[in-house]
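The values are calculated or read from the model by the stated rules, or taken from the named source; none is laboratory data. Nothing here was measured: the structure is a model prediction, and the numbers come from that model. Counting neighbours? That spans all protein chains shown, and the Cβs are built from the backbone with ideal geometry, glycine included. Just so you know, the surface numbers come from the protein's heavy atoms only, side chains and all, with ligands and any DNA or RNA stripped out. Shrake-Rupley method; radii C 1.70, N 1.55, O 1.52, S 1.80 Å.
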Amino acid sequence: MPELSDVYFVSSNHHKFQEVHSILDRLHITVRYNKATLPEIQSASLYDIARHKAAHAYTLLSSPVIVEDAGLFIDELNGFPGPYSSFVFDTIGNEGILNLVKSDRSATFSSVVAYSDGHTQKCFSGNIHGMISKEIMGTGWGYDPIFVPDGSDSTLAQLDKDSLSHRHLSLESFAAWFTSHQRTI
Ligand code: IMP
């Protein structure tokens, strides 16, 4: 029977792993890191992208795996950049996003965690609502310096994001399921 620690997080993004490790550690799950760039399908759905990545990651490791796909969905831009967040960050970056948003600054940060162990595949999501800031605030990675969660005046880059992030919520659901799943196999 696998131990609670027998799950790998597969990603090329070390920032993400540090967050995943810290969040799951608080939830009493030890996760190992496998640094790999997984192929990403073109899809408007974070679920489809994450599911596909998880299936691929399992074929690489033959051990239970989790992967995560995240995106920033800006209301005024009809959900852009959403599933294209990585490409958009690498091209126009936070300055580019600040130039695009004119009046309605509402946005949602979403995370989908996909688990696969060769038999079972499951997805867990987490969303936080907030606003795009008017300027870059703080020095976190990705869109953290321009996303102000509801109820705060600070960006994710200036907050203890691991206790309130979209990733925290998706991993909390995963951890609840994984802990009970492990007890029943
Ligand atoms: P990915 O496709 O899940 O790796 O994420 C898409 C892009 O969104 C990343 O390249 C980051 O720029 C950004 N991103 C994802 N999650 C976060 C986060 O928690 N904070 C800041 N930016 C993030």
Quiz item: Residues in the stretch 122-129: is at least one away from the ligand (no atom under 11 Å from the Cβ) and not in a strand (DSSP E or B)?
Solution: no
Quiz item: Which pairs do you get when a residue that is in contact (Cβ under 8 Å) with a residue 40 or more places away in the chain, found in the stretch 108-137, comes within reach of a residue that is among the β-branched types (V, I, T) and outside any strand (DSSP E or B), reach meaning Cβ atoms under 7 angstrom, with the pair 6+ apart or on two chains?
Solution: I132/I97; I132/V101; I132/I146; I136/I146
Exercise. Tell me which residues, restricted to the stretch 150-176, are over 18 Å from S22 (Cβ atoms) and either within 11 Å of the ligand (Cβ to nearest atom) or open to solvent by 50 Å² or more (accessible area, probe 1.4 Å) (or both).
Key: D150, G151, D153, T155
Exercise. Kindly establish whether F73 is under 19 Å from S111 (Cβ atoms), touching a strand residue (DSSP E or B) at 6+ places or on another chain (Cβ under 9 Å), open to solvent by 10 Å² or more (accessible area, probe 1.4 Å) and at pLDDT 95 or above.
Key: yes
Quiz item: Say we look at the stretch 137-149 and pick out the residues that are at pLDDT 95 or above and small (G, A, S); which of these is surrounded by the fewest Cβ atoms within 10 Å (Cβ to Cβ)?
Solution: G138
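Based on what the data block shows, is G96 within 19 Å of F17 (Cα to Cα) and within 16 Å of the ligand (Cβ to nearest atom)?
In short, no.
For residues in the stretch 76-93 being of a type in the set (S, T, Y) and either surrounded by fewer than 17 Cβ atoms within 10 Å (Cβ to Cβ) or more than 11 Å from the ligand (Cβ to nearest atom) (or both), which is farthest from the chain's Cα centre (by Cα)?
T91
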Practice problem: Report whether or not R51 is open to solvent by 60 Å² or more (accessible area, probe 1.4 Å) and part of a strand (DSSP E or B). | Solution: no
Practice problem: Find all pairs meeting these conditions: Cβ atoms under 7 angstrom apart; at least six residues apart or on different chains; first residue within the stretch 59-72 and in contact (Cβ under 8 Å) with a residue 12 or more places away in the chain and within 12 Å of D6 (Cβ to Cβ); second residue open to solvent by 10 Å² or more (accessible area, probe 1.4 Å) and basic (K, R). | Solution: none
Quiz item: Checking K102 against (1) surrounded by fewer than 18 Cβ atoms within 10 Å (Cβ to Cβ); (2) in contact (Cβ under 8 Å) with a residue 60 or more places away in the chain, which single condition isn't satisfied?
Solution: (2)
Quiz item: Out of all the residues in the stretch 140-148, is one or more over 17 Å from the mean Cα position of the chain (by Cα), within 14 Å of the ligand (Cβ to nearest atom) and part of a helix (DSSP H, G or I)?
Solution: no
Quiz item: What tally of residues in the stretch 13-38 results from selecting those that are within 16 Å of the ligand (Cβ to nearest atom) and either closer than 18 Å to A175 by Cα or open to solvent by less than 60 Å² (accessible area, probe 1.4 Å) (or both)?
Solution: 14
